[in-house]
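To start, the structure itself, in C-alpha coordinates.
The values are calculated or read from the model by the stated rules, or taken from the named source; none is laboratory data. As the structure is a computational prediction, the values presented were derived from the model and not from experiment. Glycine also receives a Cβ, built like all others from the backbone with ideal geometry; neighbour counts cover every protein chain displayed. Heavy atoms of the whole protein, side chains included, go into the accessibility calculation; ligands, DNA and RNA do not. Shrake-Rupley method; radii C 1.70, N 1.55, O 1.52, S 1.80 Å.
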Amino acid sequence: MTRQFATLSILALSSFAAAQAFADGVAIKPKVIHSQVQTDAEAYRVGPLSRPLNGTSDESITGLGFGVDFDFKLDDRARFGSEIAVTNYEEDDTKASDMGISGYFAYDFISQSNMTFYGKGGLSLHQFAFEDFNSASLLNGDIGAGLTFALADNLDLGGEYRYSTTLGKGDMSTEDSDDIELKDVSIERNDLSAFLSFKF
(Lines give C-alpha, C1' and ligand atoms only; values in the text may rest on other atoms or scores of the structure.)
Protein backbone atom coordinates (compact mmCIF):
# COMPACT_ATOMS: atom_id res chain seq x y z
CA MET A 1 0.00 0.00 0.00
CA THR A 2 2.81 2.40 0.90
CA ARG A 3 4.59 1.80 -2.43
CA GLN A 4 1.41 2.39 -4.44
CA PHE A 5 0.63 5.58 -2.55
CA ALA A 6 4.21 6.82 -3.03
CA THR A 7 3.80 6.32 -6.78
CA LEU A 8 0.50 8.23 -6.76
CA SER A 9 2.13 11.02 -4.76
CA ILE A 10 4.97 11.35 -7.26
CA LEU A 11 2.45 11.55 -10.11
CA ALA A 12 0.48 14.23 -8.25
CA LEU A 13 3.59 16.32 -7.60
CA SER A 14 4.62 15.94 -11.25
CA SER A 15 1.21 17.15 -12.40
CA PHE A 16 1.50 20.04 -9.93
CA ALA A 17 4.78 21.14 -11.51
CA ALA A 18 3.46 20.77 -15.06
CA ALA A 19 0.14 22.53 -14.39
CA GLN A 20 1.79 25.72 -13.17
CA ALA A 21 2.55 26.57 -16.81
CA PHE A 22 -1.21 26.72 -17.59
CA ALA A 23 -2.57 28.31 -14.42
CA ASP A 24 -3.04 32.00 -13.61
CA GLY A 25 -2.29 31.32 -9.94
CA VAL A 26 -1.42 28.49 -7.58
CA ALA A 27 -2.54 27.78 -3.99
CA ILE A 28 -1.25 25.13 -1.59
CA LYS A 29 -3.78 24.07 1.05
CA PRO A 30 -2.71 21.93 4.03
CA LYS A 31 -5.79 20.54 5.77
CA VAL A 32 -7.06 18.49 8.70
CA ILE A 33 -9.94 16.10 8.06
CA HIS A 34 -12.69 14.61 10.20
CA SER A 35 -14.17 11.67 8.32
CA GLN A 36 -17.01 9.20 8.73
CA VAL A 37 -16.78 6.15 6.46
CA GLN A 38 -19.42 3.52 5.73
CA THR A 39 -17.99 0.31 4.26
CA ASP A 40 -19.71 -2.56 2.49
CA ALA A 41 -18.31 -5.90 1.31
CA GLU A 42 -19.07 -9.60 0.84
CA ALA A 43 -17.10 -11.68 3.37
CA TYR A 44 -15.73 -15.13 2.46
CA ARG A 45 -13.64 -17.80 4.18
CA VAL A 46 -10.67 -18.60 1.90
CA GLY A 47 -9.76 -22.26 1.40
CA PRO A 48 -10.56 -25.38 -0.64
CA LEU A 49 -14.25 -24.76 0.09
CA SER A 50 -14.56 -20.99 -0.13
CA ARG A 51 -17.87 -19.97 1.45
CA PRO A 52 -19.61 -16.76 2.47
CA LEU A 53 -19.50 -15.63 6.10
CA ASN A 54 -22.88 -14.33 7.17
CA GLY A 55 -23.40 -12.45 3.93
CA THR A 56 -21.96 -8.94 4.16
CA SER A 57 -19.44 -6.96 6.20
CA ASP A 58 -20.88 -3.54 7.01
CA GLU A 59 -19.00 -1.02 9.18
CA SER A 60 -19.40 2.66 9.99
CA ILE A 61 -16.42 4.29 11.71
CA THR A 62 -14.98 7.76 12.21
CA GLY A 63 -11.42 9.00 11.99
CA LEU A 64 -9.01 11.88 11.59
CA GLY A 65 -6.65 12.62 8.75
CA PHE A 66 -4.50 15.19 7.06
CA GLY A 67 -3.80 16.16 3.48
CA VAL A 68 -2.76 18.87 1.07
CA ASP A 69 -4.50 20.36 -1.97
CA PHE A 70 -2.69 21.83 -4.97
CA ASP A 71 -5.11 24.38 -6.45
CA PHE A 72 -4.69 26.00 -9.89
CA LYS A 73 -6.64 29.09 -10.90
CA LEU A 74 -8.04 29.08 -14.46
CA ASP A 75 -9.88 32.42 -14.30
CA ASP A 76 -11.63 34.61 -11.71
CA ARG A 77 -13.98 31.77 -10.66
CA ALA A 78 -12.83 28.41 -12.06
CA ARG A 79 -10.10 26.21 -10.61
CA PHE A 80 -8.78 22.68 -10.95
CA GLY A 81 -6.55 20.78 -8.59
CA SER A 82 -5.38 17.61 -6.91
CA GLU A 83 -5.27 16.37 -3.33
CA ILE A 84 -3.17 13.84 -1.42
CA ALA A 85 -4.60 12.68 1.92
CA VAL A 86 -4.21 10.03 4.62
CA THR A 87 -7.01 9.18 7.08
CA ASN A 88 -6.87 6.76 10.02
CA TYR A 89 -10.07 5.33 11.49
CA GLU A 90 -10.60 3.75 14.90
CA GLU A 91 -13.83 2.99 16.72
CA ASP A 92 -14.37 0.27 19.33
CA ASP A 93 -12.32 -2.72 18.05
CA THR A 94 -12.32 -1.64 14.39
CA LYS A 95 -9.31 0.05 12.81
CA ALA A 96 -8.82 1.07 9.17
CA SER A 97 -6.78 3.43 7.02
CA ASP A 98 -7.35 5.21 3.73
CA MET A 99 -4.69 6.73 1.50
CA GLY A 100 -6.08 8.69 -1.42
CA ILE A 101 -5.31 11.00 -4.30
CA SER A 102 -7.98 13.01 -6.10
CA GLY A 103 -8.45 15.34 -9.03
CA TYR A 104 -11.21 17.94 -9.04
CA PHE A 105 -12.77 20.98 -10.71
CA ALA A 106 -14.04 23.82 -8.51
CA TYR A 107 -16.15 26.88 -9.24
CA ASP A 108 -16.69 29.98 -7.07
CA PHE A 109 -20.45 30.63 -7.02
CA ILE A 110 -20.19 33.59 -4.64
CA SER A 111 -17.03 35.67 -4.51
CA GLN A 112 -16.93 38.84 -2.41
CA SER A 113 -14.05 40.92 -1.09
CA ASN A 114 -13.18 38.60 1.79
CA MET A 115 -15.51 35.57 1.42
CA THR A 116 -15.94 32.89 -1.24
CA PHE A 117 -18.47 30.05 -1.51
CA TYR A 118 -17.55 27.30 -3.96
CA GLY A 119 -18.63 23.89 -5.21
CA LYS A 120 -16.38 21.12 -6.48
CA GLY A 121 -16.49 17.66 -8.01
CA GLY A 122 -14.09 15.04 -9.28
CA LEU A 123 -12.66 11.53 -8.97
CA SER A 124 -10.40 9.94 -6.36
CA LEU A 125 -8.27 6.80 -6.08
CA HIS A 126 -8.12 5.10 -2.67
CA GLN A 127 -6.01 2.44 -1.00
CA PHE A 128 -8.39 1.39 1.80
CA ALA A 129 -7.65 -1.33 4.35
CA PHE A 130 -8.91 -2.71 7.61
CA GLU A 131 -6.28 -3.63 10.20
CA ASP A 132 -4.59 -6.99 9.33
CA PHE A 133 -5.98 -6.88 5.77
CA ASN A 134 -4.31 -6.09 2.46
CA SER A 135 -5.59 -2.86 0.93
CA ALA A 136 -8.32 -2.60 -1.69
CA SER A 137 -7.88 -0.24 -4.64
CA LEU A 138 -11.04 1.81 -5.14
CA LEU A 139 -12.23 4.49 -7.58
CA ASN A 140 -14.63 7.05 -6.05
CA GLY A 141 -16.72 9.92 -7.29
CA ASP A 142 -16.58 13.08 -5.15
CA ILE A 143 -18.74 16.17 -4.71
CA GLY A 144 -18.43 18.95 -2.17
CA ALA A 145 -18.76 22.60 -1.20
CA GLY A 146 -16.83 25.03 0.95
CA LEU A 147 -16.28 28.53 2.29
CA THR A 148 -13.08 30.56 2.45
CA PHE A 149 -12.34 33.78 4.32
CA ALA A 150 -9.43 36.06 3.42
CA LEU A 151 -6.95 36.64 6.24
CA ALA A 152 -4.46 38.47 4.03
CA ASP A 153 -3.80 39.06 0.32
CA ASN A 154 -2.13 35.65 -0.04
CA LEU A 155 -3.69 33.70 2.85
CA ASP A 156 -7.21 32.27 3.30
CA LEU A 157 -8.86 30.23 6.04
CA GLY A 158 -11.46 27.73 4.84
CA GLY A 159 -13.80 24.86 5.62
CA GLU A 160 -15.18 22.19 3.31
CA TYR A 161 -17.69 19.33 3.22
CA ARG A 162 -17.15 16.45 0.77
CA TYR A 163 -19.17 13.34 -0.05
CA SER A 164 -17.35 10.45 -1.73
CA THR A 165 -18.80 7.13 -2.94
CA THR A 166 -17.22 4.14 -4.68
CA LEU A 167 -17.67 3.71 -8.43
CA GLY A 168 -15.08 0.95 -8.92
CA LYS A 169 -14.97 -1.72 -6.18
CA GLY A 170 -11.99 -3.78 -4.97
CA ASP A 171 -11.07 -6.82 -2.85
CA MET A 172 -8.95 -7.34 0.28
CA SER A 173 -7.84 -10.36 2.30
CA THR A 174 -5.96 -11.33 5.47
CA GLU A 175 -2.56 -13.04 5.41
CA ASP A 176 -2.86 -15.37 8.42
CA SER A 177 -3.86 -19.03 8.69
CA ASP A 178 -7.51 -18.05 9.23
CA ASP A 179 -7.81 -16.30 5.88
CA ILE A 180 -10.84 -14.13 5.20
CA GLU A 181 -11.46 -12.35 1.91
CA LEU A 182 -13.65 -9.28 1.47
CA LYS A 183 -14.99 -8.99 -2.07
CA ASP A 184 -16.62 -6.03 -3.80
CA VAL A 185 -15.41 -3.60 -1.14
CA SER A 186 -16.91 -0.11 -1.35
CA ILE A 187 -16.71 2.95 0.88
CA GLU A 188 -18.93 5.99 1.37
CA ARG A 189 -17.19 8.92 3.05
CA ASN A 190 -18.58 12.09 4.61
CA ASP A 191 -15.71 14.48 5.33
CA LEU A 192 -15.42 17.84 7.05
CA SER A 193 -12.09 19.62 6.69
CA ALA A 194 -10.44 22.87 7.75
CA PHE A 195 -7.55 24.34 5.79
CA LEU A 196 -5.24 27.26 5.20
CA SER A 197 -4.72 28.41 1.61
CA PHE A 198 -1.32 29.87 0.71
CA LYS A 199 -1.55 31.68 -2.63
CA PHE A 200 1.35 32.16 -5.03
(message) Show me the strands (runs of 3 or more DSSP E) entirely contained within region 99-194 in which 3 or more residues are at pLDDT 95 or above.
(response) 115-130, 136-152, 155-168
(message) Being within 25 Å of Phe149 (Cβ to Cβ) and either under 14 Å from the mean Cα position of the chain (by Cα) or at pLDDT below 95 (or both) is the filter here; which residues of region 17-35 pass it?
(response) Ala23, Asp24, Gly25, Val26, Ala27, Ile28, Pro30, Lys31, Val32, Ile33, His34, Ser35
(request) May I ask you to list the residues in region 90-129 that are surrounded by 14 or more Cβ atoms within 10 Å (Cβ to Cβ), in contact with a Phe, Trp or Tyr (Cβ under 9 Å, 6 or more places away or on another chain) and over 19 Å from Val26 (Cα atoms)? (result) Lys95, Ala96, Ser97, Asp98, Met99, Gly100, Leu123, Ser124, Gln127
(request) Search region 130-142 for residues being within 11 Å of the chain's Cα centre (by Cα) and free of Cβ contacts under 8 Å to residues at least 40 places away in the same chain, and hand back the single one that is most open to solvent (accessible area, probe 1.4 Å). (result) Leu139
